[in-house]
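S.K.: Just dropping this structure here.
What follows is calculated from the coordinates using simple rules that are stated; it is not laboratory data. Since the structure is predicted, the reported quantities are computational estimates derived from the model, not experimental observations. Cβ coordinates were reconstructed from backbone atoms using ideal geometry, including for glycine residues, and neighbour counts include every protein chain displayed.
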Amino acid sequence: MKLPRPLSHSSISLYNECPQKYRFKYVDKIPEKPRHFFSFGQSVHLALEYFYGPVLTPQAPRAPSLEDLLKHYREIWVKPGYRDENQEAEYFEEGRQILTRFHDKHAKSFHVPFSVEYNFNFEHEGVPLTGKVDRIDKLPDGRLSILDYKTGKKLAAGRLDVDAQLTMYQFACESQLGAEVGELIFYHLPTLKEHRTVRRDKPLVKELTTRIVATAEGIAQDRFDPKPTENACRWCDYKPICPIYKDQYAGRLPVAAKAAGEPALAALVDRYGDALAKIEAAKAEADAVSKELAAALKNKNYVRAFGERFEVSAAPAVKWEFADKKKVLDMLKKAGVYEKVLAPSAPLVHKLVEDPTTDADLRARLTEIGERVETTDLKLKGL
Ligand code: SF4
């Protein structure tokens with residue numbers, strides 16, 4: 001059957017969630033935004049692949065040292081998708097702790113798994129299938145134990161017994177490895193807890209294979225109708241180009257669509273966002289330092305000070321702050337001086353209050369609703 005790519009558990013789920021979304025992703029090949037939780041999961045999975053991989057000798061299999069494991073984790077850390085450096089650092093630390101606890105629990109009783117990151121590729125009724133199983137162990141009775149690592153905070157109740165991914169893994173392993181699957185495990189890494197269940201029974205496997213064939217037929221016949229639901233659409237990156245929502249994005253569509261499909265443009269958008277964020281951060285730091293500097297100068301009764309590269313001078317200043325901007329606006333309009341300040345921005349209103357030619361009554365009323373704050377203006381120049 002002609003498909004854009006072999007079906008995996010996630011692409012089958014995506015098609016069944018919304019065929020239009022599948023089309024955007026796998027037929028039109030418009031990439032979704034990177035998500036931090038995928039990057040985090042990938043980083044921890046790669047580290048665990050290393051844990052079970054490199055120091056195996058048939059005579060004396062042993063786990064890598066904790067130091068080596070964490071070094072590898074640092075090296076393979078997957079960066080995209082984090083909101084900022086703080087969020088990335090938090091997740092990195094969480095992963096470090098998970099791996100440390102995992103090493104503590106499993107290094108001493110280290111065993112060689114039957115397979116780690118087992119890749120399967122085969123056809124079922126002409127439908128190409130692909131996937132990767134995190135770990136397969138051999139049970140004492142010779143059957144297989146299939147294990148899937150989970151890095152999310154919580155495991156939804158009841159998921160273990162119906163999860164289609166585990167059913168797919170059982171189906172693939174039994175078709176390809178010629179051994180029966182005895183148990184299926186979700187290994188919840190944040191709690192180091194293994195949630196086990198017995199092998200899937202025939203009706204569940206049949207349901208899966210029926211779904212595989214139906215999905216493949218839908219794709220092969222170009223059936224990509226949008227299937228909007230609250231859950232599917234809420235975080236959908238394709239909303240701006242989706243036929244259901246595109247009217248809401250009228251005028252902005254070409255830019256959004258381009259950004260979704262053009263990595264160079266998307267990179268520019270991100271650089272612009274990052275640069276603005278840096279300006280904000282630098283502004284916040286400058287504000288804090290300026291307050292500290294003004295207080296230090298006032299404390300020492302200095303009006304000027306020198307650094308290595310700059311000099312600063314301090315002059316007493318007064319500014320007015322108004323909590324109720326609307327009230328100020330009304331007053332100015334009634335007094336007929338709105339035009340004088342053009343817009344009631346704080347510096348202009350301040351000028352008006354300080355101007356002795358302003359109507360005395362207006363000045364008095366503004367003074368009543370405003371607060372006079374003494375500050376220090378700083379002027380910075382290069383030496
Ligand atoms: S916005 Fe909703 S309907 Fe449109 S592609 Fe995304 S999930 Fe499907």
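S.K.: For the pair Lys298 and Lys326, what calculated FRET efficiency results from E = 1/(1 + (r/R0)^6), where r is the Cβ-Cβ distance and R0 = 30 Å, to the nearest 0.05?
M.R.: The calculated FRET efficiency here is 0.35.
S.K.: Excluding same-chain residues fewer than 8 positions from Lys300, which lysines have a Cα within less than 26 Å of its Cα?
M.R.: Counting by Cα, and skipping residues close in sequence, Lys300 has these lysines nearby: Lys283, Lys291, Lys319, Lys379, Lys381.
S.K.: Something else: List the GluC sites (Glu not before Pro) within the range 46-116 that fall in a DSSP loop (any state other than H, G, I, E or B) and whose Cβ has at most 11 other Cβ atoms within 10 Å.
M.R.: none
S.K.: How many angstrom separate the Cα center of the range 160-205 from the Cα center of the range 271-288?
M.R.: Answer, in whole Å: 48.
S.K.: Could you work out the local net charge near Lys278, counting Lys and Arg as +1, Asp and Glu as -1, over the other residues with Cβ closer than 12 Å to its Cβ?
M.R.: After counting each charged neighbour, the total is -3.
S.K.: Order of 193-201, 152-160 by packing, highest average Cβ count within 10 Å first?
M.R.: Listed from highest to lowest mean packing, they are 193-201, 152-160.
S.K.: For the range 364-371, just list the computed ³J(HN,Hα) in residue order, Karplus coefficients 6.51, -1.76 and 1.60, θ = phi - 60°, integers in Hz, with x standing in for Gly and Pro.
M.R.: Result, ordered by residue: 5, 5, 5, 4, 5, 9, x, 10 Hz.
S.K.: So, one more: Which length gain, in nm to one decimal place, applies between Lys202 and Leu155 when the Cα-Cα distance is subtracted from 0.36 nm times their residue separation?
M.R.: Taking Lys202 through Leu155 to full extension adds about 14.4 nm, to one decimal.
S.K.: Oh, and also: Once the range 260-332 is represented by equal point scatterers at the alpha-carbon sites, with solvent omitted, what log10 I(q)/I(0) does the Debye formula produce at q = 0.15, 0.22, 0.25 Å⁻¹?
M.R.: Summing over Cα pairs of the range 260-332 leads to -0.80, -1.00, -1.10.
S.K.: Still on this structure, please answer the following. If the label point is 7 Å along Cα→Cβ of Met1, which residues in the range 202-240 have backbone nitrogen under 13 Å from it?
M.R.: 208-223
S.K.: For Glu180, enumerate residues with amide H under 5 Å from its amide H, sequence gap 5+ or separate chain, H modeled in the peptide plane.
M.R.: Residues meeting the criterion, in which the H sits 1.01 Å from N, are Leu144.
S.K.: Could you list which residues have their amide H under 5 Å from that of Ala314, counting only those 5 or more apart in sequence or on another chain, with H placed in the peptide plane?
M.R.: Those qualifying (amide H under 5 Å, at least 5 residues apart or on another chain) are Arg304.
S.K.: Taking a ≥ b ≥ c as the square roots of the Cα gyration tensor eigenvalues, with a/c under 1.5 meaning rounded and otherwise prolate when a/b beats b/c, else oblate, which class fits the range 137-237?
M.R.: The shape class here is oblate.
S.K.: From the phi angles alone, apply the Karplus equation (6.51, -1.76, 1.60; θ = phi - 60°) to the range 243-248 and give each ³J(HN,Hα) in whole Hz, x where the residue is Gly or Pro.
M.R.: The phi angles translate into x, 6, 10, 4, 4, 5 Hz.
S.K.: Okay, next question. Taking the C-alpha atoms of the range 1-227, how large are the radius of gyration and the largest Cα-Cα span, Dmax, in Å?
M.R.: When restricted to Cα atoms, the range 1-227 yields Rg and Dmax of 18.8, 57 Å.
S.K.: Would you mind estimating how fast the range 132-171 diffuses translationally, via Stokes-Einstein at 20 °C and 1.002 mPa s with the Kirkwood radius over Cα pairs, in µm²/s?
M.R.: 187
S.K.: Jot down the radius of gyration and Dmax of the chain, Cα atoms only, both in angstrom.
M.R.: Rg and Dmax of the chain, Cα atoms, are 31.5, 98 Å.
S.K.: Evaluate the distance, in nm, between pseudo-label points positioned 7 Å from the Cα of Glu280 and of Thr229 along their respective Cα→Cβ axes.
M.R.: My value for the distance between the label points is 3.4 nm.
S.K.: Can you run phi through the Karplus equation (6.51, -1.76, 1.60; θ = phi - 60°) for the range 306-322 and list ³J(HN,Hα) in whole Hz, with x for Gly and Pro?
M.R.: Those phi angles translate into 10, x, 6, 10, 9, 10, 9, 10, 10, 10, x, 9, 10, 9, 9, 10, 10 Hz.
S.K.: In addition: Among Lys138, Lys108, Lys33, which one moves the most in a GNM of the chain with springs linking Cα atoms closer than 10 Å?
M.R.: Residue with maximal mean-square fluctuation among Lys138, Lys108, Lys33: Lys108.
S.K.: Amide H of Ser8: which non-local residues (sequence gap of 5 or more, or other chain) have their own amide H closer than 5 Å, using H built in the peptide plane?
M.R.: Thr130
S.K.: Taking a ≥ b ≥ c as the square roots of the eigenvalues of the Cα gyration tensor of the range 190-338, is the shape rounded (a/c under 1.5), prolate (a/b larger than b/c) or oblate?
M.R.: Prolate, since a/c reaches 1.5 and a/b exceeds b/c.
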